[in-house]
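Peer 1: Before I ask anything, let me first share the structure, which is written out below as structure tokens.
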Amino acid sequence: MDIKKRIKELQDELINLRRDFHQYPELGFEEFRTNKVVREYLAGCGLEVETVAKTGVVALLRGGLPGSTVMLRADMDGLPVREENDVPYKSLNEGKMHACGHDGHMAMLLVAAKILSEMSRDIAGNIKFVFQPNEEDAGARIMIDEGVMENPKVEAVFGIHLWTPLKSGQVGIAGGAVMAAHENFQLKIKGKGGHSGTPQTAIDPILAAAGVIQAVQVIQTREIDVLKPTLIIFGKIQGGTAPNIIPASVEIEGSIRYLYDGNDDSEEQPKRRLERVIQRTCEAYRADYELKFIPSNPPLINDETLADMVKKVGEQVVGRDRIVPYVCMPGEDFAEFQREAPGVFYFVGVGDREKETEYPHHHPRFNIDEDMLSLGVEMHVRTALDYLAKVK
Ligand SMILES: [Zn+2]
Ligand SMILES: [Zn+2]
């Protein structure tokens, strides 16, 4: 099959799918309409289709010849953002928006599934098309727990994020750590309330909180190699009721991100270091603390060999000069699938100043350069075919 030609024939269908998803964005685990559209399309391709993890979808293509099983994944959820774009396909669900490009991810993977289905007789192995709900929070782990990696067992995983920080037509690929591990934390610093005129009778949690916030900075700047990107950011602080009262406690929330593979039990872990600094600082101020971590996703680690393979596919699709190495600090729960099987997550650039698609992800004016969707389809199709041909 002439893949490029077939994608061209399906160009209108591709754009229409994306715009339809864009008009009806749904939040995580509420993707019921989206689930229906995805299931019907995949069933129309003659695939075995199942709902997994409440609103997720998995479809299986069995090739005509025996071989390995590869997974291609798209995410499905929109965001609680009020769209400010003035486009004919503007969100019809008030206060919700596909402001991260997941509408485009689904459209690309659906059209890729159609093309691969048309070639299924000649394919050696199986392809699983996975549509994951609730990426912005956490959805991959639930799909895994419900068996998405089994029957047949998935041997490699691939996923794409459309990305406005990259110029239209560029494809960002790197081996190793590509997106950061991310955990939020809640910290309560407990002192003893009292009168601001007699602070010696109280234990001031505001002073202890200030001490902790300052002291924690030592982790990034003095304890961890600066070439290992680590972020500890405080996003919320609350405490006290009046200027002349020492409050009993202060509540702080923040997030930790780091861009390297880390063993959770090691003393080197930034979160272990964070707790140590909090504990010792509170001790110095005679305060107590409670600390709770809320894990979001592990670091996203690309397999080096498979990343080289995807780079070669990319050179074929967009040309060598448009393949760029790319890593960034946001998190992505595709990382969960990569804990089960080696894989590659990579970026297709959709940022174009003239088309006004340079707004950051999650912005009310976020939009993608739709002309790049066909590149994503071709990357999906060729990556799956290349992988299955190589491991045969
Ligand atoms: Zn997002
Ligand atoms: Zn996203």
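No value in this document is a laboratory result; all are computed from the given coordinates. The structure presented is a predicted model; accordingly, all values stated were derived computationally and were not measured. Every residue, glycine as well, gets a Cβ built from its backbone with ideal geometry; the counts of neighbours run over all protein chains shown.
Peer 1: Ranked highest first by average number of other Cβ atoms within 10 Å, how do 157-168, 44-55, 5-16 line up? Kindly include the intermediate steps, with their values, before the conclusion.
Peer 2: Details: 157-168: 22.9, 44-55: 17.8, 5-16: 14.7.
Descending packing order for the listed peptides: 157-168, 44-55, 5-16.
Peer 1: According to a simple spin-label model (label point 7 Å from Cα along Cα-to-Cβ), what is the distance in nm between Glu290 and Lys228?
Peer 2: About 3.2 nm, to one decimal.
Peer 1: If the viscosity is 1.306 mPa s and the temperature 10 °C, what translational diffusion coefficient in µm²/s does Stokes-Einstein give for the chain when Rh comes from Kirkwood over Cα pairs?
Peer 2: Working: Rh = 22.6 Å.
Stokes-Einstein gives a translational diffusion coefficient of 70 µm²/s.
Peer 1: A further question on this structure: Find the percent of Cα-Cα distances in the range 131-237 that exceed 24 Å, and round it to a whole number.
Peer 2: Values: 3270 of 5671 pairs.
Roughly 58 percent, rounded to a whole number.
Peer 1: A further question follows. Which value in deg cm²/dmol, rounded to the nearest 500, describes the helix-derived mean residue ellipticity at 222 nm for the chain, given -39,500 (n - 2.57) per DSSP H run of n ≥ 4 and division by the residue count? Kindly include the intermediate steps, with their values, before the conclusion.
Peer 2: On the way: 10 runs with 123 residues, N = 392.
The per-residue figure over the chain is -10000 deg cm²/dmol.
Peer 1: If the limit is 20 Å between Cα atoms, which of Lys36/Lys355; Lys5/Lys128; Lys188/Lys236; Lys114/Lys312; Lys190/Lys292 go over it? Write out the running numbers ahead of the final one.
Peer 2: Numbers: Lys36/Lys355 31 Å; Lys5/Lys128 24 Å; Lys188/Lys236 12 Å; Lys114/Lys312 23 Å; Lys190/Lys292 14 Å.
Beyond 20 Å: Lys36/Lys355; Lys5/Lys128; Lys114/Lys312.
Peer 1: From Cα pairs below 8 angstrom and at least 6 apart in sequence, can you work out the relative contact order of the range 144-285, rounded to a whole percent? Can you show the working numbers first?
Peer 2: On the way: 192 pairs, mean separation 41.4, N = 142.
It comes to 29 percent, rounded to a whole number.
Peer 1: Find which of Phe131, Val171, Ala384 sits farthest along the positive direction of the dipole of the chain, computed with +1 on the beta-carbon of Lys and Arg, -1 on that of Asp and Glu, about the Cα centre.
Peer 2: Val171
Peer 1: Same structure, new question: What distance in nm separates the simple spin-label points at Gln217 and Ser196, each placed 7 Å from Cα in the Cβ direction?
Peer 2: 2.5 nm
Peer 1: Mind listing P(r) for the range 1-154? All alpha-carbon pairs, 5 Å bins, whole percents.
Peer 2: With a bin width of 5 Å, the distribution comes to 2, 10, 19, 21, 20, 14, 9, 4, 2, 0.
Peer 1: Find the all-direction average of the projected area of the Cα convex hull for the range 175-224, expressing the result in square nanometres with one decimal place. Working shown, then result.
Peer 2: Values: hull surface 21.1 nm².
Taking the Cα atoms of the range 175-224, their convex hull projects to 5.3 nm² on average.
Peer 1: Hey, can you list the DSSP H helices of the chain whose Cα span along the axis is 15 Å or longer and whose average Kyte-Doolittle score is at least 0.0? Write out the running numbers ahead of the final one.
Peer 2: Numbers: long enough: 11-23 (18 Å, -1.41); 32-44 (18 Å, -0.42); 102-118 (24 Å, 0.64); 205-218 (20 Å, 1.69); 270-284 (21 Å, -1.19); 304-318 (20 Å, 0.09); 373-391 (28 Å, 0.61).
Result, helices passing both filters: 102-118, 205-218, 304-318, 373-391.
Peer 1: When Lys and Arg each count +1 and Asp and Glu each count -1, what net charge do the other residues less than 11 Å away from Asn297, Cβ to Cβ, add up to?
Peer 2: Numbers: positive: Arg141, Arg257, Arg339; negative: Glu135, Glu136, Asp137, Glu183, Glu332, Asp333, Glu336.
Cβ neighbours under 11 Å give a net charge of -4.
Peer 1: Let me ask another. Roughly how many Å is it from the Cα centre of the range 206-220 to that of the range 9-70, as a whole number?
Peer 2: Rounded to whole Å, the Cα centres lie 48 Å apart.
Peer 1: Under unit Cβ charges (Lys, Arg +1; Asp, Glu -1), what dipole magnitude, rounded to 20 debye, does the range 294-346 have relative to its Cα centre? Spell out each step's value before the answer.
Peer 2: Working: 5 positive and 9 negative charges, 45 e Å.
It works out to roughly 220 debye.
Peer 1: Mind checking the dipole of the range 181-297: about its Cα centre, +1 per Lys or Arg Cβ, -1 per Asp or Glu Cβ, Debye to the nearest 20? Could you put the intermediate results ahead of the total?
Peer 2: Details: 14 positive and 15 negative charges, 68 e Å.
Its charge dipole is roughly 320 debye.
Peer 1: Now for a different question. Quick one: net charge around Ala202, please, counting Lys, Arg +1 and Asp, Glu -1 for every other residue with C-beta under 15 Å from its C-beta.
Peer 2: Numbers: positive: Lys190, Lys192, Arg286; negative: Asp204, Asp288.
Combined, the nearby Lys, Arg, Asp and Glu give +1.
Peer 1: Express in nm, to one decimal, how much length is gained between Asp145 and Lys90 on full extension, taking 0.36 nm for each residue of separation and deducting their alpha carbon distance. Could you put the intermediate results ahead of the total?
Peer 2: On the way: separation 55, 0.36 × 55 = 19.80 nm, distance 3.53 nm.
Between Asp145 and Lys90, full extension yields 16.3 nm more.
Peer 1: Once the Cβ-Cβ distance between Glu283 and Lys355 is put in as r, and R0 is 41 Å, what FRET efficiency do you end up with, to the nearest 0.05? Display every interim value, and only then the final one.
Peer 2: Details: r = 56 Å, r/R0 = 1.36.
Once rounded, the FRET efficiency stands at 0.15.
Peer 1: When ranked by the protection proxy of mean other Cβ atoms within 10 Å per residue, highest first, what sequence do the peptides 117-130, 232-245 form? Don't jump to the answer; show the numbers that get you there.
Peer 2: Working: 117-130: 19.0, 232-245: 11.8.
Descending packing order for the listed peptides: 117-130, 232-245.
Peer 1: What whole-number value in cubic angstrom gives the convex hull volume per residue for the C-alpha atoms of the range 181-297?
Peer 2: Details: hull volume 11.2 nm³, N = 117.
Dividing the Cα hull volume of the range 181-297 by its residue count gives 96 Å³.
Peer 1: Give me the dipole magnitude in Debye, nearest 20, for the range 44-201 about the Cα centre, with unit charges on the beta carbon: positive for Lys and Arg, negative for Asp and Glu. Present the calculation step by step, with values, prior to reporting the outcome.
Peer 2: Details: 15 positive and 19 negative charges, 89 e Å.
Value, rounded to 20: 420 debye.
Peer 1: Given a Förster distance of 22 angstrom, what is the FRET efficiency for Arg276 paired with Gln238, based on the Cβ-Cβ distance and rounded to 0.05? Let's see the in-between values first.
Peer 2: On the way: r = 24 Å, r/R0 = 1.09.
The pair Arg276/Gln238 has a calculated efficiency of 0.35.
Peer 1: Just to be sure I understand the model, the point goes 7 Å from the Cα along the line to the Cβ. What's the resulting Arg365 to Phe32 distance in nm?
Peer 2: Modelled inter-label distance: 3.5 nm.
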